[in-house]
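Read-outs: derived from the displayed coordinates by stated rules, not from any lab. Note that the structure is predicted; figures quoted are calculated from it, not measured. Because the Cβ atoms are built from the backbone with ideal geometry, glycine has one as well, and the counts that use them run over all protein chains shown.
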Amino acid sequence: MPLARPVVLGNWKMNGLKADALALVGRLAARAAHPSGTLGVFPPATLVGPVAQRLSASRILVGGQDCHEAESGAFTGSISAAMLADVGAKAVIVGHSERRHGLGEDDALVKAKAEAALAQGLLVVLCIGETEGEYLAGERDAVLTRQLDGSLPDGGTAENLVVAYEPVWAIGTGRTPSQEEIKETHTLLRALLVERVAGGADVALLYGGSVKAENAADIMAMADVDGALVGGASLDADSFWSIYTAGGGA
Ligand code: 13P
């Protein structure tokens, strides 16, 4: 079955110490232990296990923010998909722009990570997005097509794959594309997914980049926007919950 809509996922990035993290997810679970849509949190690696344990009686999804492409080995500091699954993760983000641009990850590596995650039964949240320079140069669609083509895992389906469009220039900036621009990109990405992925019409397609309680309803009301990947606003249970309900979740 495709994921229940809306799909609202919180990427905590490198934020959160144990006590605050457990309190945050405790507040979310108190709102809806069995959400009508798909609600997920992606804590830093140190907290995936404790958060998964805290949410074990709920259907709120817990995932990692990255994984290594190998199952194990001499890769100091890295974490494999098997390790995430072992502590209760059900999903993992791959290809976030902070790793593509900050750490030099290319499409081939992102694809290998996504396939490693699928092999462990994890839901893959594949991120793509153009930089501000690419946006201003009119290269958005070419960049998105190239990233999707290069990093889509073999074996992706509507059950195990989510694609998140995150314009790099909208992340953490308070700026978002116009409604028309989001519509254009999501229409393009939907068409590409239909061509390239089994069941691509049902793969959840998320928007990410400065999603807040105030703009969430307008963004998620658009066709082919199935939910949101939320950074900063996911660190507060009330604002994250408001975004989820703005997308129709209960
Ligand atoms: P912000 O919501 O803080 O802009 O971050 C978006 C993001 O990068 C989610 O992965």
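Being of a type in the set (A, V, I, L, M), within 28 Å of M1 (Cβ to Cβ) and either more than 15 Å from the ligand (Cβ to nearest atom) or surrounded by fewer than 23 Cβ atoms within 10 Å (Cβ to Cβ) (or both): is that true of L193 here?
Working: of a type in the set (A, V, I, L, M): yes; within 28 Å of M1 (Cβ to Cβ): yes; either more than 15 Å from the ligand (Cβ to nearest atom) or surrounded by fewer than 23 Cβ atoms within 10 Å (Cβ to Cβ) (or both): yes.
So L193 passes the test.
Given the residues G133, G129, which is the only one that is over 23 Å from E71 (Cβ atoms) and either surrounded by 18 or more Cβ atoms within 10 Å (Cβ to Cβ) or of a type in the set (A, V, I, L, M) (or both)? Write out each step before concluding.
Details: G133 fails: either surrounded by 18 or more Cβ atoms within 10 Å (Cβ to Cβ) or of a type in the set (A, V, I, L, M) (or both).
None of the others qualify; the one that does is G129.
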Being under 15 Å from the mean Cα position of the chain (by Cα) and more than 16 Å from the ligand (Cβ to nearest atom) is the filter here, so list the residues in region 157-185 that pass it. A158, E159, N160, L161
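Every residue in region 196-250 that is within 16 Å of the ligand (Cβ to nearest atom), in a strand (DSSP E or B) and either of a type in the set (A, V, I, L, M, F, W, C) or surrounded by fewer than 24 Cβ atoms within 10 Å (Cβ to Cβ) (or both), please.
Just the residues of region 196-250 that are within 16 Å of the ligand (Cβ to nearest atom), to begin with: 204-220, 225-244, 246-247.
Now drop any that are not in a strand (DSSP E or B), which leaves 204-208, 227-230.
If the condition is that a residue be within 16 Å of the ligand (Cβ to nearest atom), in a strand (DSSP E or B) and either of a type in the set (A, V, I, L, M, F, W, C) or surrounded by fewer than 24 Cβ atoms within 10 Å (Cβ to Cβ) (or both), then A204, L205, L206, A228, L229, V230 are the ones that fit.
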